[in-house]
Amino acid sequence: MSRLFSPFALGSMTLPNRIVIAPMCQYSAVDGSATDWHMLHLGGLALSGAGLLTIEATAVSPEGRITGGDLGIYSEDNAAAIARVLTAIRAYSPIKVAMQLAHAGRKASTRVPWEGGAQLAPTAPGGWKTLAPSAIPFEPGGDAPLALDRHGMDRVREDFALAARRAALVGIDAIEIHAAHGYLLHEFLSPIANQRSDEYGGSLENRLRFPLEVFDAVRHAFPAERPVWVRLSATDWVPGGWDIEGSVAFARALAERGCAALHVSSGGLSPLQRIPLAAGYQVPFATRIKTEVGGMPTIAVGLITTPAQAESIIANGEADASALARGILYDPRWPWHAAAELGATVVAPSQYLRCQPSQFKKLFETRGG
């Protein structure tokens, strides 16, 4: 029996398999609201047979967006737009849907990637002043962000809580808090971006404090029966930056607070990073956290491309789930192909039953649609 296609209890939510669609920004929202692009994009992925679909980084405030095209859930209009997409998904797919709540911090106010991705000055059309733990720009010579004071931090924390409440009301099944890739919560964790002299900077304990406050606020705001977890960068890949030892300590503190899992990525905090790219290069970080934090469930991600590779990660106990991002954009039916290769079954809509190749007549399981 395939371990990749075995059920996975993620907190109180049980997934039919261990294939997770990672959050992938589409930069196609209007004033934070989902558009027809999201209907097509998320609707297609909802038919993939994966166990979980994670909606892209969804900003908790306008200034928390990476670009002006980012998805948000900071208004009732935003909530209504994503509810429309969820209604369509649930009419045809049983897939569980999580939302990644995010604040871009000092990496906000940029052009969309296909326009170069450069940061926009606060005075430029479409630009705004960014926020961070300290007034240190992401790149030398960039516009320095505004260092958050106590009032600003309280506002950000409340923005996360309000976003969690809106997500619950529209029917989101779970929340992933974005504390990775150099965005605001990761900035508080890393001594490269956080050079505060108050109780939120300096020691590891202090740098953990605000991200943990945000987790507590989201966990309190979201229904107790629905899971909340965190995506983190296990290392900055920069000497003197955030590292795996800090990540293990962060994971322990989150586990004590009821965090359902850790989605383990890396990098994104500094342009000085040097990442040794290779197949599954981030999986050892997920394994170490899982091992050292009492078996806390981990989701591995990063250059996981083949069914055999994803299967071995689960079978060898390296992580509890395998997440796909670019790979499933390239092959939106990746879970079907993995099930065929591994001798498993996968949920598919009745409308697609006729496409099964003759040698895989027991590949599809239908449910709804």
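The values are calculated or read from the model by the stated rules, or taken from the named source; none is laboratory data. Keep in mind it's a predicted model, so treat the numbers as computed, not measured. Note that each Cβ is placed from the backbone with ideal geometry, even for glycine, and that neighbours are counted across all protein chains shown.
For region 133-152, the candidate set comprises residues that are closer than 17 Å to LEU189 by Cα and touching a residue at least 60 places away in the same chain (Cβ under 8 Å); within that set, the residue that is surrounded by the fewest Cβ atoms within 10 Å (Cβ to Cβ) is SER134. Taking the numbered list (1) in contact (Cβ under 8 Å) with a residue 24 or more places away in the chain; (2) more than 30 Å from THR87 (Cα to Cα) in turn, SER197 passes all entries but (1).
Kindly evaluate GLY240 against the criterion of being touching a Gly at 6+ places or on another chain (Cβ under 8 Å), closer than 18 Å to LEU189 by Cβ and surrounded by fewer than 20 Cβ atoms within 10 Å (Cβ to Cβ).
no
Looking at the structure I just gave you, is ALA121 surrounded by fewer than 16 Cβ atoms within 10 Å (Cβ to Cβ) and either part of a helix (DSSP H, G or I) or not acidic (Asp, Glu) (or both)? In short, yes. Residues that are aromatic (Phe, Trp, Tyr), in a helix (DSSP H, G or I) and either surrounded by fewer than 22 Cβ atoms within 10 Å (Cβ to Cβ) or in contact with a Gly (Cβ under 7 Å, 6 or more places away or on another chain) (or both) do not occur anywhere in region 280-287. Tell me, which residue of region 288-314 that is modelled with pLDDT under 95 and exposed (fewer than 15 other Cβ atoms within 10 Å of the Cβ) is nearest to the chain's Cα centre (by Cα)? Within region 288-314, the match that is nearest to the chain's Cα centre (by Cα) is GLY295. What residue, among those in region 22-47 that are aliphatic (A, V, I, L, M), crowded, with 20+ Cβ neighbours inside 10 Å and over 16 Å from the mean Cα position of the chain (by Cα), is farthest from LEU232 (Cα to Cα)? Among them, the one singled out is LEU47.
Could you pull out the residue among SER270, SER266, SER233, SER247 that is among the hydroxyl-bearing types (Ser, Thr, Tyr), closer than 25 Å to ILE136 by Cβ and surrounded by fewer than 23 Cβ atoms within 10 Å (Cβ to Cβ)? Of SER270, SER266, SER233, SER247, the one residue that is among the hydroxyl-bearing types (Ser, Thr, Tyr), closer than 25 Å to ILE136 by Cβ and surrounded by fewer than 23 Cβ atoms within 10 Å (Cβ to Cβ) is SER270.
Residues checked against (1) in contact with a Gly (Cβ under 9 Å, 6 or more places away or on another chain); (2) among the polar types (S, T, N, Q); (3) not in a helix (DSSP H, G or I):
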{"residue": "ASP154", "(1), (2), (3)": "no, no, no"}
{"residue": "ALA161", "(1), (2), (3)": "no, no, no"}
{"residue": "ARG166", "(1), (2), (3)": "no, no, no"}
{"residue": "ILE177", "(1), (2), (3)": "no, no, yes"}
{"residue": "HIS181", "(1), (2), (3)": "yes, no, yes"}
{"residue": "HIS186", "(1), (2), (3)": "yes, no, no"}
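Candidates in region 10-21 are the residues that are touching a Leu at 6+ places or on another chain (Cβ under 9 Å) and farther than 11 Å from LEU53 by Cβ; of these, the one that is surrounded by the fewest Cβ atoms within 10 Å (Cβ to Cβ) is MET13. Just to be sure, is ALA338 more than 30 Å from ARG219 (Cα to Cα), small (Gly, Ala, Ser) and at pLDDT 95 or above? When the stated conditions are applied, ALA338 passes them.
Residues of region 1-28 that are assigned to a loop (DSSP other than H, G, I, E, B) and either among the aliphatic types (A, V, I, L, M) or under 20 Å from HIS178 (Cβ atoms) (or both): MET1, LEU4, GLY11, ALA22, PRO23, MET24, CYS25, GLN26, TYR27, SER28.
Would you check which residues across region 243-259 are in contact with a helix residue (DSSP H, G or I) (Cβ under 7 Å, 6 or more places away or on another chain) and either under 20 Å from PHE160 (Cβ atoms) or basic (Lys, Arg) (or both) and list them? Before the answer, list the steps.
Keep residues of region 243-259 that are in contact with a helix residue (DSSP H, G or I) (Cβ under 7 Å, 6 or more places away or on another chain), which gives 244, 246-251, 253-254, 257-259.
PHE250, ALA251, ALA253, LEU254, ARG257, GLY258, CYS259, listed by residue number.
The one condition from (1) in a helix (DSSP H, G or I); (2) more than 22 Å from GLN26 (Cα to Cα) that SER134 does not meet is (1). For region 312-323, which residues satisfy the criterion of being in contact with an Asp or Glu (Cβ under 9 Å, 6 or more places away or on another chain) and either among the acidic types (Asp, Glu) or within 20 Å of LEU363 (Cβ to Cβ) (or both)? Answer for region 312-323, where residues must be in contact with an Asp or Glu (Cβ under 9 Å, 6 or more places away or on another chain) and either among the acidic types (Asp, Glu) or within 20 Å of LEU363 (Cβ to Cβ) (or both): ILE314, SER322.
With respect to ALA79, determine if the residue is crowded, with 24+ Cβ neighbours inside 10 Å, touching a Leu at 6+ places or on another chain (Cβ under 9 Å) and more than 20 Å from TRP229 (Cβ to Cβ). The answer is no for ALA79. Residues that are crowded, with 17+ Cβ neighbours inside 10 Å, touching a residue at least 24 places away in the same chain (Cβ under 8 Å) and among the small types (Gly, Ala, Ser) within region 315-369 comprise ALA319, ALA321, SER322, ALA323, ALA325, ALA338, ALA339, ALA344, ALA348, listed in sequence order.
Of the residues ALA260, ALA193, which single one is within 18 Å of the chain's Cα centre (by Cα), surrounded by 18 or more Cβ atoms within 10 Å (Cβ to Cβ) and either part of a helix (DSSP H, G or I) or not β-branched (Val, Ile, Thr) (or both)?
Being within 18 Å of the chain's Cα centre (by Cα), surrounded by 18 or more Cβ atoms within 10 Å (Cβ to Cβ) and either part of a helix (DSSP H, G or I) or not β-branched (Val, Ile, Thr) (or both) holds for just one of ALA260, ALA193, which is ALA260.
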